Amino acid sequence: MYIAVIGSGYVGLPTACGLASFGNDVVCIDTNKEKLKLLQSGIIPLYEEGLQELYESVKENLKFSGDVSDIKKAELIILAVGTPMSDDGSADLQYIYQATQDIKPYLQNGAIVATKSTVPIGTNDEIERIIDRSDVTVVSMPEFLREGYALQDFFNPDRIIIGTDNISVFNKLRNLYIQHIPSEKIIRTNRRSAELIKYASNAFLATKIQFINEISDLCEKVDADVADVAAGMGLDTRIGRKFLNAGIGYGGSCFPKDTNALEYMANKNGVKLGIVSSTIKGNHDRRFNIAARINKYISDIDGDARVAILGLAFKNGTDDIRYSPAIDIIQNITHNPIYVYDPKAMNNAKNVLGANVIFTKSLKDCVKDADVIAILTEWPDFKELENMTFDKNTVILDYRNILDEAIMRKKPHVTYKRIGQKI
Ligand code: UDX
Ligand code: UDX
């Protein structure tokens with residue numbers, strides 16, 4: 001099939017490369033000139049494990065273009081432009097509607113427009129109204145890619161949701177995946193249910209995280225251990241162990257945006273989503289109480305402390321710092337200077353962090369002579385700390401609970417603290 005993907009971001013690029021690897025001819029359109037220049041010179045301008053290599057293997061049938069008229073041969077046009085959060089919490093749909101206007105003049109007869117970006121319930125009805133062509137079918141096909149695992153999630157999805165009442169269009173899209181994905185994982189539903197499945201899934205996952213973070217706070221007061229509590233809970237197959245890792249709260253371009261958008265659209269429909277609202281508030285507040293904890297440890301150091309923060313990205317495996325808790329926490333640490341290190345997100349963070357932040361070249365450089373070290377992103381690289389010795393008294397705040405506790409507690413001069421244990 002000839003496919004056009006509009007938007008070459010964290011969703012558009014893995015989707016374009018993945019569909020090209022299935023043998024489709026794909027053109028990926030983007031309005032961002034700098035990004036396009038990089039893509040057309042063969043450089044993938046974002047970090048996603050394995051994406052550059054996959055692109056190298058499909059570049060014969062994957063083209064990048066800034067000219068939206070290149071979609072005219074496409075039977076399927078996938079919308080994957082950003083739908084960021086507006087100030088009032090609603091999804092900002094300017095880009096999705098702009099993209100719809102852009103493609104409208106070039107849609108061939110019988111084309112399918114599939115919206116992969118996360119859009120509020122009813123948005124695809126509006127896209128259909130804008131396109132205003134009875135021969136063109138607008139479908140909701142939400143993405144479920146996790147950043148850092150986008151290719152894993154593309155090639156081994158838990159489900160492909162196709163929101164349309166048009167059975168022949170459903171079958172066409174099903175055929176796109178059927179050779180590669182078990183048929184029982186390709187689900188048809190109506191468009192609005194497909195739109196809501198995405199929001200409800202993300203909001204539930206975010207709620208799981210906020211739930212375990214609240215339980216973690218209780219563990220600290222009653223001398224329980226949240227890692228054991230999560231393990232014990234997770235053995236209940238109805239609960240499941242995933243997304244029960246206590247930490248500093250969720251970030252990223254999705255959970256914050258999607259929980260707020262869901263709350264907004266529910267309120268607009270006169271429905272109170274109390275659980276989602278408390279997840280949003282609790283998660284937001286958490287990053288400031290984590291900063292307060294770190295400030296307290298710093299203030300307990302005699303003289304001028306050297307402070308090292310490990311992790312800037314909102315999670316491991318990505319260079320993305322959108323709504324990263326680490327960024328907010330650093331901006332609320334009162335000490336100056338603060339030494340930071342992140343394996344992938346330094347360049348993005350340099351655009352937002354202030355002059356009091358010193359970007360170090362390596363983990364070792366960052367933690368050298370530090371009095372307080374805080375781990376804020378769950379990069380496996382930071383397990384290197386387990387092999388280090390510390391010549392002076394050092395407080396290590398493992399706020400993602402990633403280090404081996406037994407090893408860290410044996411280290412001379414180290415005071416090791418985890419989330420969800422007696423403080
Ligand atoms: C997107 C959506 O924001 C979100 O709804 C979904 O859940 C995740 O996918 P993401 O892929 O991270 O997020 O968006 P982003 O990384 O911002 O990429 C969007 C791309 O679309 C950018 O490269 C931008 O230049 C491009 N774009 C934007 C267009 O080509 N045309 C436009 O009109 C607007
Ligand atoms: C999420 C959804 O997982 C994905 O299905 C959807 O398509 C897009 O949004 P993503 O935002 O890339 O993916 O990241 P995810 O892996 O879900 O993590 C989100 C945040 O939660 C990160 O800040 C992560 O550090 C945090 N997290 C995750 C926890 O704090 N604890 C956990 O147990 C899991």
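Looking at the square roots a ≥ b ≥ c of the eigenvalues of the Cα gyration tensor of the stretch 124-256, which shape do they give, rounded for a/c under 1.5, prolate if a/b is larger than b/c, or oblate?
prolate
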Q) Computed over the Cα atoms, what is the radius of gyration of the stretch 199-278 divided by 2.2 N^0.38 Å, N being its residue count? A) 1.20
Q. Summing -39500 (n - 2.57) over the DSSP H runs of n ≥ 4 in the chain and dividing by its residue number, what mean residue ellipticity at 222 nm do you reach, to the nearest 500 deg cm²/dmol?
A. -12000 deg cm²/dmol
Q: Once you have a ≥ b ≥ c as the square roots of the Cα gyration tensor eigenvalues for the stretch 116-159, tell me rounded if a/c is under 1.5, and otherwise prolate or oblate according to whether a/b is larger than b/c.
A: prolate
Q. Given the pairs Lys364/Lys411; Lys59/Lys315; Lys172/Lys257; Lys116/Lys257; Lys35/Lys63; Lys208/Lys268, which are separated by over 20 angstrom at their Cα positions?
A. Lys59/Lys315; Lys172/Lys257; Lys208/Lys268
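Roughly speaking, what % of Cα-Cα pairs in the stretch 346-388 are separated by over 13 Å, rounded to a whole number?
On the way: 580 of 903 pairs.
When every Cα pair of the stretch 346-388 is considered, 64 percent fall beyond 13 Å.
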Q: Mind jotting down the distance between the C-alpha centroids of the stretch 23-52 and the stretch 329-360, whole Å?
A: 28 Å
Q: Please state, to two decimals, what the Cα-based radius of gyration of the stretch 2-189 comes to when divided by 2.2 N^0.38 Å (N = residues).
A: 0.96
Q) To the nearest Å, what is the center-to-center distance of the stretch 188-230 and the stretch 243-292, using C-alpha atoms only? A) 10 Å
Q | Shape box of the stretch 287-418 [Cα atoms, principal axes, largest first, Å] | A | 37, 31, 27
Q: State the Kirkwood hydrodynamic radius of the chain in Å, one decimal place, computed from all pairs of distinct Cα atoms.
A: 23.0 Å
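Rule-based calculations on the coordinates, nothing more; no lab input. Keep in mind that what you see is a predicted model, and the values were worked out from it rather than measured.
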